[in-house]
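Structure first, then comments.
The values are calculated or read from the model by the stated rules, or taken from the named source; none is laboratory data. None of the values given here were measured: they were computed from a predicted structure. Here the Cβ positions follow ideal geometry from the backbone for every residue, glycine too, while neighbour counts run over all protein chains shown.
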Amino acid sequence: MRRWTEQEQLRWFESLPVFYATSAMLFTDFDDRVLIVKPNYRDYWLLPGGIVEANESPDLCAEREVTEELGLNVKSGPLLAIDWSPASGIRPRAITAYIFDGGTIAADTPLALQAEELDEARFVTAEQAGDLLSEFTVPRVHAALAARRDGHARYLHGGNLH
């Protein structure tokens, strides 16, 4: 059997599809309200998190983003949900969104908002979150909350349970 040359392997790797990845943490308070943040560059609210950087694992991305955005040094808990969505609109590639458990924190926990990116952070009920979050984030939050309750991570495909 002939083995691929290094050049053939390189061409093969270069031919593989590329996709984007985001990572976030789900925090709730002792009243089961969800912590959401309002980026100053979007019209809608999000979970604390962001884009996974090159050679960064999704769990470490969530930790880094939470530290940068909120000033919280928290380790990622279990993976609660993952959502794969195909290319859409001006986004030319598929995207995978990871949500990790950030745990339960007091509603009055001091947060140091990253002024360059965030205008506000607040705890809201799951119902209120539905009115503030983007249409693609709402099902992810509901799936993450369900996963936290029963201990079984959820896989979504374009916001729909798979």
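Checking A106 against (1) within 16 Å of R33 (Cβ to Cβ); (2) in a helix (DSSP H, G or I); (3) at pLDDT 95 or above: exactly one of these is not met. Which one? Going through (1) within 16 Å of R33 (Cβ to Cβ); (2) in a helix (DSSP H, G or I); (3) at pLDDT 95 or above one by one, A106 breaks only (2). Within segment 73-91, track down each residue that is within 18 Å of I51 (Cβ to Cβ) and not in a loop (DSSP other than H, G, I, E, B). The answer is L79, A81, I82, D83, W84, S85, S88, R91. Within segment 92-103, the set of residues being assigned to a loop (DSSP other than H, G, I, E, B) and surrounded by 16 or more Cβ atoms within 10 Å (Cβ to Cβ) comprises A94 only.
Close Cβ contacts (under 7 Å, 6 or more residues apart or on different chains) running from residues in segment 133-158 that are farther than 21 Å from I36 by Cβ and touching a residue at least 40 places away in the same chain (Cβ under 8 Å) to residues that are in a helix (DSSP H, G or I) and of a type in the set (S, T, N, Q) are absent.
Only residues that are of a type in the set (A, V, I, L, M) and closer than 21 Å to P86 by Cα: list them for segment 2-55, please. It would help to see each step written out before you state the result.
Kept after step one, since they are of a type in the set (A, V, I, L, M), are these residues of segment 2-55: 10, 16, 18, 21, 24-26, 34-37, 46-47, 51-52, 54.
Across segment 2-55, the qualifying residues are L16, V18, A21, A24, L46, L47, I51, V52, A54.
Apart from one condition, W12 fits all of (1) modelled with pLDDT under 95; (2) assigned to a strand (DSSP E or B); (3) among the aromatic types (F, W, Y); the exception is (2).
Selection of segment 114-131 for residues being closer than 23 Å to R154 by Cα, crowded, with 16+ Cβ neighbours inside 10 Å and touching a helix residue (DSSP H, G or I) at 6+ places or on another chain (Cβ under 9 Å) yields V124, A129.
Residue by residue through segment 121-137, note down the ones that are of a type in the set (D, E, K, R) and either closer than 13 Å to D31 by Cα or not in a loop (DSSP other than H, G, I, E, B) (or both). Break it down into steps so the answer makes sense when it comes.
Of segment 121-137, the ones of a type in the set (D, E, K, R) are 122, 127, 131, 135.
Hits for segment 121-137 are R122, E127, D131.
Would you mind finding the one in T109, T67 that is over 16 Å from the mean Cα position of the chain (by Cα), hydroxyl-bearing (S, T, Y) and surrounded by fewer than 16 Cβ atoms within 10 Å (Cβ to Cβ)? Give the derivation first.
On the way: T67 fails: over 16 Å from the mean Cα position of the chain (by Cα).
Sole residue among the options that is over 16 Å from the mean Cα position of the chain (by Cα), hydroxyl-bearing (S, T, Y) and surrounded by fewer than 16 Cβ atoms within 10 Å (Cβ to Cβ): T109.
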